[in-house]
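Submitted below is the structure of interest, expressed as structure tokens.
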Amino acid sequence: MNPAMKTPFVRTAIAAVLLSAGGAHADPAGIDAATAQKMEQQIERLSQELEEMKTQLKQLKAQNEALATQQQQQAAQVQQAVAAAPQQGGISPDLSLWGYGEVYYTHPQHDPALSQADLARAVFGIGYHFDDRTVFNSEFEVEHAVSSASDKGEFEVEQFYVDHQLADWAAVKGGLFLMPFGLLNEHHEPTNFYGVQRNFVETLIIPSTWREGGFGFHGDTSIGIGWDVGLTTGLNLGNWNFTPENPLYRTALELEDTNVAPMQATHQELQLADAQHLSQYVSLNYKGVPGLLAGAALFTGNTAVPNTPPGLPDERVTLWETHARWTPGAADLSAVYARGTISDTAAYNIANAGTPNPIPSKFWGYYLQGAYTVWRHNGYRLAPFVRWERYDMGASYDIAAGTAPVPTGLAADGKPWPQPYDRVWTYGANFYLNPHVVLKADYQSFQTNSDFTRFDLGLGLNF
Amino acid sequence: MTPSSRLLLLPFAAVAVCAPAHAMVYLSVEEAQKLMFGDQALTPLPLSLSPQQVAAVEKDAGVKFFPGSLRAWKGADGYFFVDAVIGKHDLITYAVALGQDGKVRQVEILEYREAYGGDVRNPRWRKQFTGKQHGDPLHLGEDIQGISGATLSCEHVTDGIRRLLSVYDIAIRPR
């Protein structure tokens, strides 16, 4: 209602009230002149007071509006200040620090004397934003806790690259970076995989943590296709050890740790790497449906070969894999198939005929895994899992006729040589204290190298 | 062409693709407001939560809440929020539009600073939040599906939206 209209209405109402009040005592017709005059004066005074109140009200309203405006301005200023303020603590908002690591306990069931505990890896990362489009990432890793010439540990640069965003859909990276293969290699932090140790397919067939030096272009399209293509250093078969005195591994832990697999043994990790021979890779992933990931990747390139014996032909290493992961609700289902070949190995193998560890020409593996979150409370999460995997690091060999790829007799330690293939069941559970800290337990049963069957405990973290 | 000379060509190819360059800021706050509320006037909403309210938000959402990163505006038919969460290592800035009924209308990623894991920008992923309101579980792996390879980003944006809905319920919702 318009305030100007209020006064006559209020005045009439008050007059009506006063009149009716008077009526309680006397007949309205019998009001004498003095009373009427008195009432008139009262009404006049009341209306004056009302006018004053109205003015005061107007002033109050104006004040109120001014205050509201001021408050809004302040809120806007606060928001601007919040927006402008560096939103990250620490040394510099452009610097990021992170880390991850894992501790294992492994207990081979048939030979408890070989039980081991290991700070398998402690990794710390440093990143820096040069500007909104250019970021540097690096990771430094200590394996097995102590690294020196007389210790088993290693200190490694795991990643060291610059990434520059070219457009919404494309970026270019250069340096030492992780290869986009399988489900694990680029996401190898212990909170990202089930089981105490990484699975065998993504350790022995796809090496992990697999990185190469070079350039790559990558990006994501709006329909959820991720792509990555590049040119990198490749493998060096000169690193191959044909003549281990003893089997390179006696336990499953050693199998994963001692770089016995074809690509594990020969990848160069940008350590004065041969760069005369370069490799190409391409990877495609579909992530357009929430909860689903499906992809494949291919890597191929000629490898470096040693000068002795002279005249060895170039050997080409090709690895391809396909993977899928589906996480409907509490379930987490995944599968990886990977297959690699090394061409023209015959001359090199024949030059080393009779040695216990020839170079394979084919290797492959696959796994199927299912996990289910059975309990979740206050950030805790318990997810049991089961995994079936098959791997064969030596599916085929081009070797001298009549020789065996794996020695048939006993090794120097008096035991048979382990076979480079197996079928493994893994049962276990990941127990997350929060998304960043995980306790793990599993039992692994090996069908061929049954001595490897083991029970493991693990602690992993990632921040 | 030898492999090494191919390698040398790569930087040139990079520069050639560089032309339509766009920063990793995908939307500005103003662009997101326009996208979500058109030409509606949005008035900044002062968020001065008492320590008790902050504690209530943390208890309700189950995640830490540092008031300061969250900003709010009120429009004629809803609310507009801008908030930031850590993705894997760096901040993700995102905007959320709520209807007057307190239900999520839209989620947009404004800024993503990391080289990888930017799949939270995927429209189908963000669409999972549409219609969600305070009281819904809003947990990754329950009513929100993650994206493999971007789990932490998905988890943290989900946590952020759950927290934002708690703030709305505790400090903003008209009663």
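The values are calculated or read from the model by the stated rules, or taken from the named source; none is laboratory data. Being a predicted model, the structure only gives us computed values, none of them experimental. Here Cβ is always computed from backbone atoms with ideal geometry, including for glycine, and neighbour counts include all displayed protein chains. Side chains are part of the model used for accessible areas, which takes the heavy atoms of the whole protein and leaves out ligands, DNA and RNA. Shrake-Rupley method; radii C 1.70, N 1.55, O 1.52, S 1.80 Å.
Calculate the mean, over all residues of peptide B:138-150, of how many other protein chain Cβ atoms lie within 10 angstrom of the residue's Cβ.
6
Additional query: How much of A:SER147 can a 1.4 Å solvent probe reach, expressed as accessible area in Å² and rounded to 10?
In the full protein context, A:SER147 sits at about 60 Å².
Right, something else. How far apart, in nanometres, would the label points at A:ASN378 and A:PHE124 be if each is projected 7 angstrom from Cα along the Cα-to-Cβ direction?
Taking the two extended label points, one gets 3.2 nm.
What angle do you read, to the nearest 10 degrees and between 0 and 90, between the alpha-carbon axis of helix B:151-167 and the longest principal axis of chain B?
That works out to roughly 20 degrees.
Any idea what angle helix B:51-61 forms with the longest principal axis of chain B, computed on alpha-carbon atoms, 0 to 90 degrees, nearest 10?
For B:51-61 against chain B, the angle is about 60 degrees.
Here is a further query. Measure off, as a whole percent, the carbon and sulfur share of the 1.4 Å-probe accessible area of the protein assembly as shown, all protein chains present.
59 percent
Given labels modelled 7 Å from the Cα in the Cβ direction, how far is it in nm from A:ASP132 to A:GLU52?
Spacing of the two 7 Å Cα→Cβ label points: 6.1 nm.
Given a 1.4 Å probe and the protein chains all in place, what does the accessible area of B:ARG162 round to, in Å² to the nearest 10?
Taking all protein chains as shown, B:ARG162 has close to 20 Å².
Determine how large the accessible area of A:GLU65 is when every protein chain is in place; take a 1.4 Å probe and give Å² rounded to the nearest 10.
Taking all protein chains as shown, A:GLU65 has close to 110 Å².
Can you compute the helix-only [θ] at 222 nm over chain B? Use -39500 (n - 2.57) per DSSP H run of at least 4 residues, normalise by all residues, nearest 500 deg cm²/dmol.
-10000 deg cm²/dmol
Within the set of other residues whose C-beta is less than 14 Å from the C-beta of A:ALA411, count the net charge using Lys and Arg as +1 and Asp and Glu as -1.
Counting the neighbours of A:ALA411, the net charge comes to -2.
Of A:PRO313, A:GLY295, A:PRO247, which is farthest towards the positive pole of the range A:241-334's charge dipole, taken about the Cα centre with +1 and -1 on the beta-carbons of Lys, Arg and Asp, Glu respectively?
A:GLY295
Further question on the same structure: Calculate the length of the line joining the C-alpha centroid of the range A:185-244 to that of the range B:119-151, in whole Å.
Going from one Cα centre to the other spans 28 Å.
Add -39500 (n - 2.57) for each DSSP H run of 4 or more in chain A, then divide by its residues: what number comes out at 222 nm, to the nearest 500 deg cm²/dmol?
So the calculated ellipticity at 222 nm is -6500 deg cm²/dmol.
Can you find, among B:MET24, B:ALA97, A:ALA429, the residue farthest towards the positive end of the dipole of the protein assembly as shown? Put +1 on the C-beta of Lys and Arg, -1 on that of Asp and Glu.
B:ALA97
Would you please put A:245-258, A:390-403 in order of how densely packed they are, using the mean number of other Cβ atoms within 10 angstrom per residue and starting with the highest?
A:245-258, A:390-403
Follow-up. Which residue, A:ILE399, A:SER450, A:TYR380, has the largest displacement toward the positive end of the dipole of the range A:356-463 when charges sit on each Cβ (Lys, Arg +1; Asp, Glu -1)?
A:TYR380
Summing Lys, Arg as +1 and Asp, Glu as -1, what charge do residues with Cβ under 12 Å from the Cβ of B:PHE81 carry, B:PHE81 excluded?
That works out to +2.
Something else: Can you give the average number of partner chain beta-carbon atoms within 10 Å of each beta-carbon in peptide A:129-136, as a whole number?
What the average comes to for A:129-136 is 4.
Okay, moving on. Chains B and A: what accessible area do they bury, summed, in square angstrom to the nearest 100, with a 1.4 Å probe?
4800 Å²
Mind jotting down the distance between the C-alpha centroids of the range B:24-96 and the range A:403-463, whole Å?
47 Å
A:TRP388 to A:GLN109: extension gain in nm, 0.36 nm per residue of separation minus the Cα-Cα distance?
98.5 nm
Hey, if we sort A:LEU312, A:LEU461 by accessible area with the 1.4 Å probe, largest down, what's the order?
A:LEU461, A:LEU312
Give me the accessible area per residue for the protein assembly as shown, probe 1.4 Å, as a whole number in Å².
46 Å²
Would you tell me the mean number of C-beta atoms belonging to other protein chains that fall within 10 Å of each C-beta in A:213-223, as a whole number?
Neighbouring Cβ atoms belonging to other protein chains average 3 per residue here.
Magnitude of the Cβ-charge dipole of the range B:19-172, K/R +1 and D/E -1, about the Cα centre, nearest 20 debye?
Roughly 40 debye, rounded to the nearest 20.
Note down the net charge around A:PRO112, summing +1 for each Lys or Arg and -1 for each Asp or Glu among other residues with Cβ under 14 Å from its Cβ.
-1
Can you give me the angle between helix A:3-23 and the longest principal axis of chain A, using Cα atoms only, in degrees from 0 to 90, rounded to the nearest 10?
Relative to chain A, helix A:3-23 is tipped by roughly 50 degrees.
When the dipole is taken about the Cα centre of the protein assembly as shown, and only Lys, Arg (+1) and Asp, Glu (-1) are charged at their Cβ, what size is it in debye, to the nearest 20?
1720 debye
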